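Novice: Dropping a structure here in structure tokens format, bear with me for questions.
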Ligand code: EPZ
């Protein structure tokens with residue numbers, strides 16, 4: 001299995017350019033089959049979650065090609081409604097295909113996406129919403145069989161503001177006669193991106209970014225060339241890394257307003273932040289003071305996808321920090337690995353108490369999930385000495401090869417295996 005080897009204890013200097021957002025690209029790839037015309041997505045990251053999604057589209061009969069960071073999808077030959085099992089088991093966002101397949105061909109079959117390392121990750125809200133739209137759903141032997149022959153517009157209230165369920169239901173409504181109303185929707189920037197993408201194809205979606213979204217059915221959608229929003233989680237990961245290691249880093253291609261909750265948390269006494277025209281520069285000097293409390297919340301609250309990275313920052317901050325994970329059940333697994341590096345973290349239920357230490361020390365650790373793995377990269381970069389990070393396929397899901405990217409800002413990192 002591949003691993004990263006990092007010689008830590010170095011400051012970060014230079015700039016890192018962020019690509020299109022994984023959690024937007026995956027959804028837009030699912031939405032691309034809503035038209036038989038060609039769709040081009042630019043600035044797509046070269047990460048394994050995107051590769052798996054392309055595999056799913058090919059197995060449905062789509063022609064998919066990638067040229068540098070642009071992906072072209074031609075779904076005119078789409079001939080199946082069965083989302084391939086193996087890749088779908090790997091990728092939760094395969095369930096987002098239900099809505100777009102139902103809109104395109106009125107049928108969809110998927111496997112239950114596996115729970116993963118961060119929680120149960122049920123899809124009950126997706127399925128309840130589809131049923132409200134008149135989709136009949138059979139669930140047996142781990143499969144979900146959907147029939148949208150009699151689907152109709154509806155007024156739906158989501159039990160909780162699920163990102164995926166909001167996106168799935170928007171895609172399921174685009175061709176339904178009349179106006180569908182979705183309430184208690186997630187407000188993430190990726191949902192606004194989906195609305196902009198669909199409307200650029202001729203859809204009539206309104207309200208994304210707020211809790212009520214309306215979708216007026218149209219007859220068809222046309223092809224489009226589109227550039228997704230930048231990845232706010234990757235941008236936040238590098239900013240936290242700079243706060244941990246010190247130095248002067250510029251993160252390019254970022255929307256500061258998408259990570260305002262993080263910027264508000266980075267300690268002003270040790271981090272000077274300069275957001276301007278699509279970039280954020282950070283100057284970090286001295287040991288950061290602990291942030292007394294961080295609670296993950298639905299957008300625009302502090303993102304759960306930056307919780308592990310924030311926990312790593314607090315592990316070397318001056319003082320005691322409390323971190324509360326309100327979105328997923330088991331998203332502190334990387335804390336165990338941080339403790340192997342000398343961190344002092346006590347986890348009880350959905351709360352971690354972090355007593356900051358002067359410095360972590362390099363050792364061998366194992367990535368447990370995507371963002372937990374990213375937090376270990378940050379910790380190893382800040383730590384004194386050499387670290388090895390195993391199971392880095394978790395990190396490959398959402399970050400391009402860090403042994404190629406990070407040396408440009410002074411990180412001593414290689415990849416083996
Ligand atoms: C999306 O996952 C993201 N993934 C996640 O990013 C992100 O952490 C999450 O939103 C929250 O922001 C993609 O966009 C591909 P949810 P999603 O539905 O849609 C519960 C990463 O690291 N829930 O908003 O699956 C669920 O268990 C990944 O990039 C139900 O109970 O998240 C969770 O507690 C990790 N029933 C909460 O809602 C449902 O039917 C939020 O989940 C659906 C969700």
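The numbers here are math on the coordinates, done by the rules we state, and not lab data. Quick caveat, the model's predicted, so the values are computed rather than measured. Here the Cβ positions follow ideal geometry from the backbone for every residue, glycine too, while neighbour counts run over all protein chains shown.
Novice: By how many nm would the segment from residue 401 to residue 416 grow when fully extended, if each residue of separation counts as 0.36 nm and the alpha-carbon distance is taken off?
Specialist: The span from residue 401 to residue 416 would gain 4.2 nm if fully extended.
Novice: Output the peptides 289-297, 164-172 sorted from most to least packed, where packing is the average of other Cβ atoms within 10 Å over each peptide's residues.
Specialist: Most protected by this proxy first, the peptides run 164-172, 289-297.
Novice: Diagonalise the Cα gyration tensor of segment 22-226 and give the resulting equivalent ellipsoid semi-axes, square root of 5 times each eigenvalue, largest first, whole Å.
Specialist: Each semi-axis is √(5λ); the values are 22, 20, 17 Å.
Novice: Between residue 322 and residue 159, what is the spin-label point distance in nm, taking each point 7 Å from the Cα along the Cα→C-beta axis?
Specialist: Between residue 322 and residue 159, the simple spin-label model gives 2.8 nm.
Novice: Under 12 Å from a point 7 Å along the Cα-to-Cβ line of residue 212: which residues of segment 176-197 have their amide N that close?
Specialist: So the set is 181-185.
Novice: Helix-derived [θ] at 222 nm for the chain: sum -39500 (n - 2.57) over DSSP H runs of at least 4, divide by residue count, nearest 500?
Specialist: -8500 deg cm²/dmol
Novice: Continuing with this model, one more query. Once a ≥ b ≥ c are taken as the square roots of the eigenvalues of the Cα gyration tensor of the chain, is the result rounded (a/c under 1.5), prolate (a/b larger than b/c) or oblate (a/b not larger than b/c)?
Specialist: Because a/c hits 1.5 or more and a/b exceeds b/c, the chain counts as prolate.
Novice: What is the gain in length, in nm to one decimal, between residue 13 and residue 283 on full extension, counting 0.36 nm per residue of separation less the C-alpha to C-alpha distance?
Specialist: In short, 96.3 nm is gained.
Novice: Further question: First measure r as the distance between the Cβ atoms of residue 128 and residue 336, then evaluate 1/(1 + (r/R0)^6) with R0 = 41 Å and state the FRET efficiency to the nearest 0.05.
Specialist: 0.70
Novice: Quick one: of the DSSP bridges fully inside the chain, what percent are antiparallel, nearest 5?
Specialist: 70
Novice: Give the calculated FRET efficiency between residue 363 and residue 66 to the nearest 0.05, with a Förster radius of 35 Å applied to their Cβ-Cβ distance.
Specialist: 0.40
Novice: Taking a label point 7 Å from the Cα of residue 37 along the Cα→Cβ vector, which residues of segment 205-231 have an amide N closer than 20 Å to it?
Specialist: Under cut-off, by backbone N: 205-206, 216-228.
Novice: Between Rg and the Kirkwood Rh of segment 109-221, both from Cα atoms, what is the Rg to Rh ratio?
Specialist: With Rh from the inverse mean 1/r over Cα pairs, Rg/Rh is 0.97.
Novice: Another question about this same structure. What percent does the relative contact order of the chain come to when contacts are Cα pairs within less than 8 Å and at least six residues apart?
Specialist: 21
Novice: Also, I was wondering about something else. I'd like to compare 30-40, 383-393: which one has the highest average count of other Cβ atoms within 10 Å, and what's the full order after that?
Specialist: Most protected by this proxy first, the peptides run 30-40, 383-393.
Novice: Measure nothing fancy, just the Cα-based angle from helix 232-245's long axis to the longest principal axis of the chain, in degrees from 0 to 90, nearest 10.
Specialist: In the chain, helix 232-245 runs at an angle near 0 degrees to the longest axis.
Novice: At 0.36 nm per residue, and after removing the present C-alpha to C-alpha distance, how many nm does the segment from residue 82 to residue 200 gain when stretched out fully?
Specialist: 39.7 nm
Novice: A follow-up question, please. So what is the relative contact order of segment 22-226, in percent, for Cα pairs below 8 Å that sit 6 or more residues apart?
Specialist: So the answer I get is 20 percent.
Novice: What is the angle, in °, between the Cα long axis of helix 370-382 and the longest principal axis of the Cα atoms in the chain? Nearest 10 is fine, range 0 to 90.
Specialist: Taking Cα atoms only, the helix is inclined about 20 degrees.
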